[in-house]
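Encoded as structure tokens, the structure appears first; notes follow it.
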Amino acid sequence: MIHEVDEALRQLLAGTGLPERGIEVVFDAPTKDFAARRNAPTVSVFLYGLREDTGRRQSGTIAEYDEDGLVTAQRPAPRWFELAYLVTAWTNRPQDEHRLLAEVLRCLATTDTLPARLLTGTLAELGLTVTLDIAGRDTGLPSVSDVWSSLGGELRPSVDLRVLAPLPGERGPVGPPVTDGLVLHAGDTSPAGRPPADDPGRRLRYQGTADPGADGFAAPRERGLPPGRRPRGRAR
């Protein structure tokens, strides 16, 4: 799921025309070594934190269907995680960095959710909304100043981007669909009274009924009367 969010963010920023102007979008940590080896204008989207949004956790399973409407697999309900990114701009002059960071900020501030066309893999399969937030609210993740201290670099202007994305559960197989009714074998369970192996038994479904209709196999049907009985209200 993380690499799918990375790819969606890369495409989102690339859609503003950065690659055409020779500006790279990378996911490297903005350390001193990164700054030393950089040789082109760059936008760094560094993932520095990850936490589960336990308030969204759900129980139960989600069924997957094929084209005929049959259940083919089941998954546990997805769990939601908040991904925290530190977005910075790198050029040779501070003025150019501010201009580039402002362009990136405009793109992120006007995008509340990642467009479906940018989602790949499991994010595309789930079809759920992946939201963006640059408010930088306190959710227990490290602060931006702590991140810069850990990286060993100087504090720079940055955008604290939060992405809320679902993590799907492992797909579990299901049994084949039931196409025949229940077959009941009744009789003496002693060896002498056991029915033969080729006994077809009694099939608990209405014979000759291909479509059970809206009421299923519990729909009312005509029942024959036992010998010597007559319908109620009818002369003998």
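The values are calculated or read from the model by the stated rules, or taken from the named source; none is laboratory data. These numbers come from a predicted model, not from an experiment. A quick note on method: Cβ atoms are made from the backbone with ideal geometry, for glycine too, and the neighbour counts reach across all protein chains shown.
So that you can scan it fast, the table gives a plain yes or no per residue for (1) assigned to a loop (DSSP other than H, G, I, E, B); (2) loosely packed, with under 15 Cβ neighbours inside 10 Å; (3) touching a strand residue (DSSP E or B) at 6+ places or on another chain (Cβ under 6 Å); (4) not charged (D, E, K, R):
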site	(1), (2), (3), (4)
Arg51	no, yes, yes, no
Ser59	yes, yes, no, yes
Val87	no, no, yes, yes
His98	no, yes, no, yes
Single residue of the range 116-129 satisfying the filter (closer than 18 Å to Ala14 by Cα and touching a residue at least 12 places away in the same chain (Cβ under 8 Å)) that is farthest from the chain's Cα centre (by Cα): Leu118
Residue count for the range 163-191, restricted to those that are part of a strand (DSSP E or B), at pLDDT 80 or above and touching a Leu at 6+ places or on another chain (Cβ under 7 Å): 3
Residue match in the range 45-57 (condition: closer than 18 Å to Leu9 by Cβ and either β-branched (Val, Ile, Thr) or modelled with pLDDT under 90 (or both)): yes
Exclusive hit being of a type in the set (Gly, Ala, Ser), in contact with a helix residue (DSSP H, G or I) (Cβ under 7 Å, 6 or more places away or on another chain) and under 30 Å from Thr61 (Cα atoms), set Ala116, Ala124, Ala165: Ala165
